[in-house]
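Right, one structure below, let's go through it.
FYI, it's all coordinate maths here, none of it is from the lab. What you see is a predicted model, and the numbers here were worked out from it, not measured in a lab. Here the Cβ is made from the backbone with ideal geometry for all residues, glycine too, and neighbour counts use every protein chain on show.
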Amino acid sequence: MKRFIILLILLFLSPVYTLAAEGDPASHVTITVVMPGDETIDYGQLTMDNSEDDEPSADNPSVIPKLYPTDVSETEEDGIRRIVKTYELGEGDDPADIPRESFERDGWRYSLTDITKKETATADSREHTEIVTVNTDTKEMEAILPLLSPTKEIKTGDGYFGVLTLDVSGITVETAGTKKSSYTASIKREYPHLSANDTSLVPKTVTEGSRTYILASVDWTAQTAETVDYDSIPASYTAVATYTAPASKTVVTGYVTTAKYKGTVSKLNQGATVYTAYFTGSEIVPERIPLEFIEQAAPTPADNEQPAVLEEPPAVPAERQGNMLNMLIPAALVLLMLGALGGYYVLGVFMKKNAKKGVSGK
C-alpha cells in the first residue's frame, strides 16, 4: 500500500520538473523585495541595485571616510528633524573631505542643507619686562620723570602684546660720557700803600697751587691824600691786579637714564577650524500599490454607432499549450489512480464486512 502511494507522488511531481526543464533554459525564479529608498534586491540573481548610495559617505560602511565628526547631535524643532555633525580640521585637513552625501537612519532620510565655518583660537600669557633708555642733561629725578611715560604698549617679536607699567623704583641714572674743556683761570691780588700808581711796583706773576698766573691788568685807587696849596694830592695808592693762566677741566657730556616697564603680555594662537554640517531629515514612507479589482461593463452602442466588435483574446503560443497539456495529462492520471485507490479501499472494506457476516451466520 505504501509503495503504491509513493508511486502516485512520483507520478505527480514528474510533470512539474519536466515542465521546468522544457521551459527557457535561462529562466529562473526571481524574488523581488521592495525596500524604502528605491532599493531593489534580486535574491535569485544575487544582484543589488542601489543607485543613491553609490557615492562614498560616512554612513556607508563599505567606504572609509577621510574625516570623522567630533560631535553628532540630533534636534527636532517644529516637526523638523536635523542631525548636526561637527568637524575640527587641523592645518593639513581639507574641507572638501567632509562627507556631504545623504544617509538613512531610523526610518528617516537626511540630506545636507548647510555647512558653517568658525575659526578658533587659544590665548597664551606670560610676564614680560621691557627696558627703555633715555638721554638726559641732568641726573635729578624731578627732571627725568616727566620724560618717561607711566605706561607703554609693547609687541614682542614672537607675537605677544600687552600694556606695561613703569617701575619707578627701578630707574637708574649713569654718566653718558666726559670730555676735557680748556678755559682761562684768573685770580686777583690787592696791593695797598703804594707810593705811586706804577705797575713796576706790582708783582708780574703769582703762584697758587700748582698753577702760575701772569699779570694781566691793574686797577689803581687813591688810598690817602695830602693838601698842598689848597689842592688835594694823593699820598698813597692801592693796586688791584688781575692774574690769568691757561687751564683745562673734565666735564660730563650727559646722562643715560634706564627705566623698566613690567606687566603681562598675551598671544593668540590659531586653533582648529570648526565646520558644522546640518542635515535635514524627511520620513521614509514605503510605496504602497493598492490592489483594485474593477469590473468593466461592456459599452452600450448608440443608435448611430456600430456595435463594438470584441477582440478575440490573443492565441496561446503552441509552446505554452504543450506545457499546459503536459501538466493536465499527469494530473488526470493522478486523479484516476486516486479514484482506483479509493475504489480498492472501499471494495476491501466491503469484503471484510461480508466475511464477518458469513462467519457469524455459521
Item checked: Additional length obtainable on full extension of the chain from residue 179 to residue 97, 0.36 nm per residue less Cα span -> 22.1 nm
Item checked: Label zone at residue 216 (point 7 Å along Cα-to-Cβ), backbone N below 11 Å, segment 168-193 -> 183-188
Note to self: For a 19 Å ceiling on Cα separation, which of these pairs sit above it: 139/262; 139/179; 152/267?
What the structure shows: 139/262
Check: If we count other beta carbons within 10 Å of each Cβ, what is the order of 350, 103, 161, fewest first?
Finding: 350, 161, 103
Margin query: Using Cβ counts within 10 Å as a stand-in for footprinting exposure, how do 101, 130, 77, 283 rank, fewest first?
Written below: 77, 283, 130, 101
Note to self: Amide H of residue 284 versus every other amide H placed in the peptide plane: which residues, excluding those fewer than 5 positions away on the same chain, fall under 5 Å?
What the structure shows: 108, 109
Check: For residue 162, what is the net charge nearby, where nearby means another residue's Cβ is under 10 Å from its Cβ and Lys, Arg count +1, Asp, Glu -1?
Finding: +1
Check: Are there GluC sites (Glu not before Pro) in segment 140-238 that DSSP puts in a loop and that have at most 16 other Cβ atoms within 10 Å, and which ones?
Finding: 140
Item checked: Fewest-first ranking of 83, 214, using other Cβ atoms within 10 Å as the exposure measure -> 214, 83
